[in-house]
Amino acid sequence: MPKKFYLTTPLYYVNDVPHIGHSYTNILADCVARFKRLEGRDVFFLTGTDEHGEKIARAAEAAGETPQAFVDRISPRFRELWAALGVSHDDFIRTTEDRHVRTVAWVLGRLKESGDIYAGEYGGFYCTPCETFWTEAELKAQPGAGSRLLCPSCARPVEPLREKNYFFRMSRYQAELVRHIEMNPGFIRPEARRNEILSFLKGPLNDLCVARPKSRLSWGIPIPFDPSYVTYVWVDALINYVSACGLGLDEGRFGKWWPADVHLIGKDILRHHTVIWISLLMALKLPLPATVLAHGWWTVRGEKMSKSKGNVVDPHRAIEAWGRDAYRYFLLREVPLGQDGDYSETALSQRYRNDLANDFGNLVNRTLSMVHRYFGGHIPDPNRAGGESPLKGQALELGPRVRECMDQYLFKESLEEIWKVVERANRYVEETRPWDLAREKREAELGLVLYGLCEVVRILGVLTEPFLPDTARAIDVMLGADLKVGGRWESACRWGSGRPGQRLGSLAILFPRRETDG
Ligand code: MSP
């Protein structure tokens, strides 16, 4: 297994504070990062903020601030949210940082030298909310376009543009791009997104405008060979994936981490990541990332979130009401990766009550409280009864099954595998009725039953960590932390790490009843 694992999230625009949609990408990424660390891999998990461009310049102006003061004020709101959610990124890059600005200049210089950038005349349209150039043909191809020209991505009005500009010869890389996507089925995931890009690439690919004249927009990174232009914000932002690991500045570091193992993104920015970014890398003759993984969108009661509708959900509020593990669990469990999901307090409260409190919390609580009640808080000896716990087989298969799912980025399915074991263990409690065994003083059998349940709880405590980090930590403490000595992954794949006689820590309720819990 290769040791290093490099994963990224998009850089978030700082024109506004983060909402649940943004938190989704980072929770998925955090889950992957934690899982890879659990497997023993050396992980570099990158996130950050996208701070240049027209959209930000306008937002700063509307707030009556300089762009720099504005981005300095909003960027920390993203960091705060990641801390509140337990997101374990290793680096947070801002596109206004010197390390990034230098790499962008380095990349543009290289592309100019290689003849991949040329000067020309641009005539087309620009969507500021998406920071995207569109041709008239693309706008007209929209169903029902008529005479109103709207952005094909966000359906807002676009602005006509005619200007001298610099272009990246993206068309040069079209054939190579198609070949790469066709030869590497896992490169764009899920499959439906791969097909979307392949069909987009059936048409001709235009060269890409890579600059904005300073006379129109000054908030950007100067083009090194023409200071009257700044870098197009998408080209600027995409380069973060290589600037953060040292391209052009620290070759040792760059060689260690690049190429990325996965870029996590939302489906709306798929073309930017699979067409613009990949052709830029091809032009730079750099290795390509292994996977671009596009997730779906979250709506709220069936509607797209927007400030004007007043339906934007603040993740801090949800965390306060349900706790961050429940919030993470809901987002990871509710929809299969790639599909859209609908966020509602009702759906979250059902997951909280059923899956977390009644299934998982109950299993941990009843198991450990019986060990306290019947064995004075010491792990019982399973050997006095002879025989093997019937839970062992399924529990030992769980690690490999979760790994199989996580190798394919199947978050919901991983949790379903885990919950099969939770349900099986709860059924086992009902079937064996340990309270009757205790009353009838059948201590040897009781020991075997509770030892098996403790082992299941221990294994679940390890394997749920990427999804529910606080809960996993709480289980550690309740079990007495040194039950997990040794490699954590190995300990999840072994039966019998819990030592008879070992003293448990004190008990805590994992998912208490909530005020809001109807
Ligand atoms: N700045 C660019 C990305 C540059 S990456 C080099 C950008 N920023 S964004 O803030 O608009 O969006 C960032 C991510 O948030 C995207 O992946 C987008 O899909 C995701 N989401 C924004 N709203 C969302 C939902 N309502 N639901 C799910 N994810 C959504 O694009």
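Laboratory data are not the source of any read-out in this text; all were calculated from the coordinates shown. The structure presented is a predicted model; accordingly, all values stated were derived computationally and were not measured. When we count neighbours, we look across all protein chains shown, and the Cβ atoms used for this are built from the backbone with ideal geometry, even at glycine.
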Item to check | Only listed residue being within 16 Å of the ligand (Cβ to nearest atom) and not charged (D, E, K, R), chosen from T96, T66, T135 | outcome: T96
Item to check | Which numbered condition L415 misses (of (1) out of contact with any Lys or Arg (no Cβ under 6 Å at 6 or more places or on another chain); (2) closer than 20 Å to V456 by Cβ; (3) touching a residue at least 40 places away in the same chain (Cβ under 8 Å)) | outcome: (1)
Checklist outcome for this item: Within region 279-328, residues within 15 Å of the ligand (Cβ to nearest atom), assigned to a loop (DSSP other than H, G, I, E, B) and under 30 Å from A472 (Cβ atoms) come out as P289, G296, W297, V313, D314
Checklist entry - Under the condition of being under 31 Å from the mean Cα position of the chain (by Cα) and among the polar types (S, T, N, Q), which residue from region 109-141 is farthest from H273 (Cα to Cα)? => result T128
Checklist entry - How many of the residues making up region 106-145 are out of contact with any helix residue (DSSP H, G or I) (no Cβ under 9 Å at 6 or more places or on another chain), without any contact (Cβ under 8 Å) to a residue 24 or more places away in the chain and in a loop (DSSP other than H, G, I, E, B)? => result 4
Next on the checklist: Cβ contacts < 9 Å: first residue acidic (D, E), restricted to region 291-316; second residue away from the ligand (no atom under 11 Å from the Cβ), any location; separation 6+ or different chain. Result?
Outcome noted: E303/K309
Checklist entry - What single numbered condition from (1) within 16 Å of the ligand (Cβ to nearest atom); (2) in contact (Cβ under 8 Å) with a residue 60 or more places away in the chain; (3) crowded, with 20+ Cβ neighbours inside 10 Å fails to hold for I223? => result (1)
Item to check | Within region 7-24, considering residues that are near the ligand (Cβ under 6 Å from one of its atoms) and assigned to a helix (DSSP H, G or I), the one farthest from A63 (Cα to Cα) | outcome: Y24
Checklist entry - Here is a list of conditions, (1) near the ligand (Cβ under 9 Å from one of its atoms); (2) over 17 Å from the mean Cα position of the chain (by Cα); (3) of a type outside the set (D, E, K, R); (4) within 24 Å of T132 (Cα to Cα), and I276 meets all of them except one; can you say which number that is? => result (1)
Item to check | Of all residues in region 183-200 being under 22 Å from the mean Cα position of the chain (by Cα) and among the aliphatic types (A, V, I, L, M), the one that is surrounded by the most Cβ atoms within 10 Å (Cβ to Cβ) | outcome: I188
Next on the checklist: Quick check on my filter: what residues within region 41-52 are within 11 Å of the ligand (Cβ to nearest atom) and either touching a residue at least 60 places away in the same chain (Cβ under 8 Å) or within 11 Å of the chain's Cα centre (by Cα) (or both)?
Outcome noted: L46, T47, G48, D50, H52
Checklist outcome for this item: Here the residues within region 48-99 that are among the polar types (S, T, N, Q) and out of contact with any strand residue (DSSP E or B) (no Cβ under 9 Å at 6 or more places or on another chain) are T66, Q68
Checklist entry - Before we move on, is V262 among the β-branched types (V, I, T) and more than 14 Å from the ligand (Cβ to nearest atom)? => result no
Checklist entry - Inside region 25-45, can you point out the residues that are in contact with a Leu (Cβ under 7 Å, 6 or more places away or on another chain) and in a strand (DSSP E or B)? => result F45
Item to check | Condition met for L38 (crowded, with 21+ Cβ neighbours inside 10 Å, away from the ligand (no atom under 15 Å from the Cβ), over 17 Å from N240 (Cα atoms) and touching a residue at least 12 places away in the same chain (Cβ under 8 Å)) | outcome: yes
Item to check | Residue that is surrounded by the most Cβ atoms within 10 Å (Cβ to Cβ) [pool: residues in region 51-90 that are among the hydroxyl-bearing types (S, T, Y) and closer than 27 Å to R253 by Cβ] | outcome: S75
Item to check | Which listed residue, of R373, R351, is under 27 Å from L453 (Cβ atoms), charged (D, E, K, R) and surrounded by fewer than 16 Cβ atoms within 10 Å (Cβ to Cβ) | outcome: R373
Checklist entry - When region 228-244 is examined, which residues are found to be over 16 Å from L111 (Cα atoms) and more than 13 Å from the ligand (Cβ to nearest atom)? => result S228
Checklist entry - Of the residues that sit in region 146-196 and are among the acidic types (D, E) and either without any contact (Cβ under 8 Å) to a residue 12 or more places away in the chain or not in a helix (DSSP H, G or I) (or both), which one is farthest from E121 (Cα to Cα)? => result E191
